[in-house]
Each structure stands twice: as structure tokens, then as C-alpha cells.
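Presented below is the structure to which this report refers.
What follows draws every value from the coordinates through simple rules; no lab data is involved. This one's a predicted model, so the numbers in the text were calculated from it and none came from an experiment. A quick note on method: Cβ atoms are made from the backbone with ideal geometry, for glycine too, and the neighbour counts reach across all protein chains shown.
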Amino acid sequence: MINVQLLDECIKEYDVLKKLEGLTEQQRGQKFNALFAKILNAHQIHAISDQRNIGEIDVCFRIKDKRFILEAKWEKSG
């Protein structure tokens, strides 16, 4: 079951993040990674962001017995 309340929070967070105000590129990237993890969690997929013990993994998650890593990149348009 999808957590609609959590998805609504994600939409609000993304709207704030789009403004790019008051954040360094690194801070914005970390918040972007956390947003991806939160969206997956809203869909009942356990995900965590910013794993740095071996290199840097933006988001890691598991679906059934498969593990996934996600590389997220924020790009400014235009």
C-alpha cells in the first residue's frame, strides 16, 4: 500500500528543493538522495540514502531478494 501522506511530503520537499536557495551543491545532492529514498519508502520499498562506508552510494534499496543502487544527479536546466 502506498503511503500517500509521505508522497505528499515528498512533493512539498521537491518544490522547496527546486528553488535551490540556501544550499551548497553537496547539501542539495544529499537532500535529493534522501528524497529518492523517501519516495521509495512511501511505496514500501526499504531504501536508505548517502551510504559512504565503501565509496559513495546515493541510494540503496532492495526488492524481494534483489539489491539495487541508484546514482542520482541533479542538473540545472538551461
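Taking N as the number of residues in the chain, what is its alpha-carbon radius of gyration divided by 2.2 N^0.38 Å?
1.14
If you place +1 on the Cβ of every Lys and Arg and -1 on the Cβ of every Asp and Glu, how big does the dipole about the Cα centre of the chain come out, in debye to the nearest 20?
The calculated dipole for the chain is roughly 180 debye.
What's the longest piece of the chain with no exposed trypsin sites (Lys or Arg not before Pro), counting a site as exposed if DSSP puts it in a loop and it has at most 10 other beta carbons within 10 Å?
Longest run free of exposed loop sites: 20-51.
Given the DSSP H assignment, sum -39500 (n - 2.57) over each helix run of at least 4 residues in the chain and divide by its residue total; what's the result at 222 nm in deg cm²/dmol, nearest 500?
That calculation yields -14000 deg cm²/dmol at 222 nm.
Check ALA47: other-chain or 5+ apart residues with amide H under 5 Å from its amide H, H built from backbone geometry?
Correct list: ASN41.
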